[in-house]
Amino acid sequence: MGKCGEMPAANDVASPVTGPRPLRVAVVHDWLTACAGGERVLEQILHIWPGADLFAVVDFLSDEDRRQLHGKRATTTFVQRLPWARRRYRAYLPLMALAIEQLDLGRYDLVISSSHAVAKGVITGPDQLHVSYVHSPMRYAWDLQHQYLAEARLTRGIRSALARLVLHYMRIWDLRSANGVDRFVANSDFIARRIRKVYRRDAEVVHPPVNIDRFSLREDKEEFYFTASRMVPYKKMPLIIEAFSRMPGRQLVVVGDGPEFERARAAAGPNVRLLGYQGNEALVDHMQRARAFVFAAEEDFGITPVEAQACGTPVIAYGKGGALETVVGDGEHRTGLFFGEQTVDEICRAVERFEAIAPAIDARACRANAERFAEARFRTEFQRVVLGALAGVGEGGGTNAPAVSHLARQ
């Protein structure tokens, strides 16, 4: 510390041996294959510490996606060199726990992991600080195991037994590796509760960054409803489509592609338009013009409802998970409403309730709510948590404080 109560600069520390020197930072991500929500968090972490070295199990990013990460290329593990790793990297999940432990991070003062699977399992020493930003504990190994096995058609037989055995050992490893984290940061209150349940540790909440500047407010809305997502089972896109197919007087526009696209097409009535994958310009245009955005997934946080609100568009959302923290469901400044079950009937009833209250929802209130999750806010809050941990300052969130406070002494 310098003056009483003053935080050290983000990129400087003082060593009792060498005096002031740059803070040596390593950032560890699970895998780098595309730029999605987790990579947006990673982008902002690298914005705070541009001199950090990047590590991951595999790195197959395109040149275009890599530009979002400031051109950084990750140091990877042996999984990168295994057969078919580029397309089938998830099949090597049983090896990833071993792989992540082989990364040598011994020369770094600060290790930041961005983790929804194995990144938090990197090995650090007693004079290093490990801060883990957790998107979620391994969903498929913990409370969502049975859902994932059912979706993968692994509910019975030899393959099911092997999958359950692998997940059993992944749970043991996941719990053990949590002991190596000094400070947990969760992306939502929902995930903080999951961390407490699984690891018996507290976590400070710093909501993920959303690029609000991509979207502009539009107050005049058209009559159609809108939804957009990857078409994977837990997103429940066919459910939304089936619900609107039962309401032929209401129009729904759908953007997205994925394994469930054909199922979605089969559920679509003449009032539902499936556009498949669309680029950013078309996505934003539909979000701005839509009467409301419909969201049926149970997400850890959920970026798309925030993006819709940034356009001034209200949200009709499943009332569980991160949506409860990003959508205001009542009060003077409400920005949408919730439905209680992932069923066709509940979605239909929610749309009817929305139409009754829609005149009371202000597009400007939606935009103001979305601005709570801007990128600059994330950088400020996350840097505060990390610097507080470096300085040995209690900032909430459970920590097994390592002997790193000397790094922050000025």
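Quick rundown of the values:
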quantity: Selection status of residue 154, assigned to a helix (DSSP H, G or I) and not charged (D, E, K, R); calculated: no
quantity: Only listed residue being without any contact (Cβ under 8 Å) to a residue 40 or more places away in the chain, closer than 30 Å to residue 112 by Cα and either outside the structural domain of residue 187 (by TED's automatic domain parsing) or more than 21 Å from the chain's Cα centre (by Cα) (or both), chosen from 323, 368, 297; calculated: 323
quantity: Boolean, residue 31 is more than 21 Å from residue 303 (Cα to Cα) and among the aromatic types (Phe, Trp, Tyr); calculated: no
quantity: Residues that are crowded, with 18+ Cβ neighbours inside 10 Å and on the phi > 0 side of the Ramachandran plot, drawn from segment 251-266; calculated: 256
quantity: Those residues of segment 36-83 which are charged (D, E, K, R) and in a helix (DSSP H, G or I), in sequence order; calculated: 39, 40, 43, 63, 64, 65, 66, 67, 81
quantity: Residues of segment 267-290 satisfying the condition of being surrounded by fewer than 19 Cβ atoms within 10 Å (Cβ to Cβ) and in contact with a Pro (Cβ under 8 Å, 6 or more places away or on another chain); calculated: 269, 270, 271
quantity: Residue, farthest from residue 326 (Cα to Cα), within segment 373-410, restricted to residues that are among the basic types (Lys, Arg) and at pLDDT 95 or above; calculated: 384
quantity: Test result for residue 100, touching a Phe, Trp or Tyr at 6+ places or on another chain (Cβ under 9 Å), touching a residue at least 60 places away in the same chain (Cβ under 8 Å), farther than 26 Å from residue 380 by Cα and part of a helix (DSSP H, G or I); calculated: yes
quantity: Some residue of segment 368-386 being part of a loop (DSSP other than H, G, I, E, B) and surrounded by fewer than 20 Cβ atoms within 10 Å (Cβ to Cβ); calculated: no
quantity: Residue ranges of helices (runs of 4 or more DSSP H) in segment 250-366 with at least 1 members touching a Ser or Thr at 6+ places or on another chain (Cβ under 7 Å), closer than 21 Å to residue 38 by Cβ and of a type in the set (A, V, I, L, M, F, W, C); calculated: 303-310
quantity: Filtered residues of segment 120-148 (kept if outside any loop (DSSP other than H, G, I, E, B) and over 22 Å from the mean Cα position of the chain (by Cα)); calculated: 129
quantity: Residues of segment 208-236 satisfying the condition of being surrounded by fewer than 20 Cβ atoms within 10 Å (Cβ to Cβ) and part of a loop (DSSP other than H, G, I, E, B); calculated: 211, 216, 217, 218, 219, 220, 221, 222, 223, 224, 230, 232
quantity: Pairs, first over 13 Å from residue 74 (Cα atoms) in segment 40-64, second at pLDDT 95 or above and of a type in the set (D, E, K, R), C-beta under 7 Å, six or more apart; calculated: 44/375; 44/379; 47/379; 48/379
quantity: Residue among 58, 25, 41 that is surrounded by 17 or more Cβ atoms within 10 Å (Cβ to Cβ), touching a strand residue (DSSP E or B) at 6+ places or on another chain (Cβ under 6 Å) and more than 20 Å from residue 107 (Cβ to Cβ); calculated: 41
quantity: Some residue of segment 241-250 being surrounded by 18 or more Cβ atoms within 10 Å (Cβ to Cβ) and farther than 19 Å from residue 318 by Cα; calculated: yes
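The values are calculated or read from the model by the stated rules, or taken from the named source; none is laboratory data. Everything numeric in this text was worked out from a predicted model, so none of it was measured. Don't worry about glycine lacking a Cβ; one is built from the backbone with ideal geometry, like all the others, and counts go over all protein chains shown.
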